[in-house]
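Engineer: If you scroll down you'll find the structure; I have some questions about it.
Taken together, the values in this text are just the output of simple stated rules run on the coordinates, not laboratory data. None of these values were measured; they are calculated from a predicted model. A quick note on method: Cβ atoms are made from the backbone with ideal geometry, for glycine too, and the neighbour counts reach across all protein chains shown.
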Amino acid sequence: MQRYLERPKSLTDLAHDSIRQLIVSGEIGLGEQLSEASLAAQLGISKTPVREALLRLRVDGLIDIQPQRGTFVFSLSPREVEEICRFREFVEVAALGSAMRERRAELVAALEANVAQMAQAHDASDWSAIPSLDQAFHQVILEHCENSYLKQAYQLIASKIAAMRARLPEENERVGHCQENHAAIVRLIAHGAPPEAQQALGLHIQDTLQSYMAAITPEAPQPAAVGTRRRAGTGAGIVAV
């Protein structure tokens, strides 16, 4: 039997993952200018893998490289945010329909586990866990979808959605509302009501539009290198997930 060793990550891969996490987690502000030298020093590597990582992040849509100006974290106009939310609604609602037709029992089990975890985090005021659990809820729907093209389509916006979600404030009421919405969606799925479940998911996503409008308000670009860490959620206030 042939055994294949897992290829270790290159420095470029590690730099890509690290910088992406800094952006998605909210530790680097939207619209903020980046410096290859400062990022390299922060990560303890040379500038070459950082430069290559930034080029890959540009393809991911998280980095904007402007000739003669510099490299910046992405920022979005209100119209772009609306387009992302409408696109997300279309993809997720279609994915939910596919998942309910093909793998409903597995989907319900996975979503119920996620809802229980979010309830525990909410009760414990573990706000740092909420964004990843919220993201996981929606990702579970995509993972149980049997349409590979819907999965690929979602990846076009997944990183930007995660970055905006990380900038939501730590509000008990907001998180509780999100948790209730998720639980209601799962109940409809469990009862085998595809149209109602899809409608509930669509409304849940529509509710996020104004919240994300606030989340993407660009923070003033910093001319200095990114070397200091910013706490997620320090931007404009937001009311939904």
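Engineer: At what distance in nm do the modelled label points of Glu112 and Asp64 sit from each other, each positioned 7 Å from its Cα along Cα→Cβ?
Structural biologist: Distance between the two pseudo-spin positions: 4.6 nm.
Engineer: If the viscosity is 1.002 mPa s and the temperature 20 °C, what translational diffusion coefficient in µm²/s does Stokes-Einstein give for region 11-73 when Rh comes from Kirkwood over Cα pairs?
Structural biologist: It comes out at roughly 189 µm²/s.
Engineer: Work out the FRET efficiency for Arg103 and Gln210 from their Cβ-Cβ distance, taking R0 = 25 Å, and round it to the nearest 0.05.
Structural biologist: 0.15
Engineer: When the Debye formula is applied to the Cα atoms of region 1-112, each taken as the same point scatterer, what base-10 log of I(q)/I(0) results at q = 0.12, 0.24 Å⁻¹?
Structural biologist: Calculated log10 I(q)/I(0) at the listed q: -0.65, -1.22.
Engineer: Same structure, new question: Based on the Kirkwood radius over alpha-carbon pairs, what value in µm²/s does the Stokes-Einstein equation return for the translational diffusion coefficient of region 78-215 at 4 °C and 1.567 mPa s?
Structural biologist: Once the numbers are plugged in, D ends up at 86 µm²/s.
Engineer: Quick check on packing: order 59-67, 183-191 by the mean number of other C-beta atoms within 10 Å, highest mean leading.
Structural biologist: So the order, starting with the most tightly packed, is 183-191, 59-67.
Engineer: Now for a separate question. Using unit Cβ charges (K, R positive; D, E negative) and no other charged atoms, how large, in debye to the nearest 20, is the dipole of region 11-73 about its Cα centre?
Structural biologist: Here the size comes out at about 160 debye.
Engineer: Using amide H atoms built in the peptide plane, which far-off residues or other-chain residues are under 5 Å from Leu34 H to H?
Structural biologist: Correct list: Thr71, Phe72, Val73.
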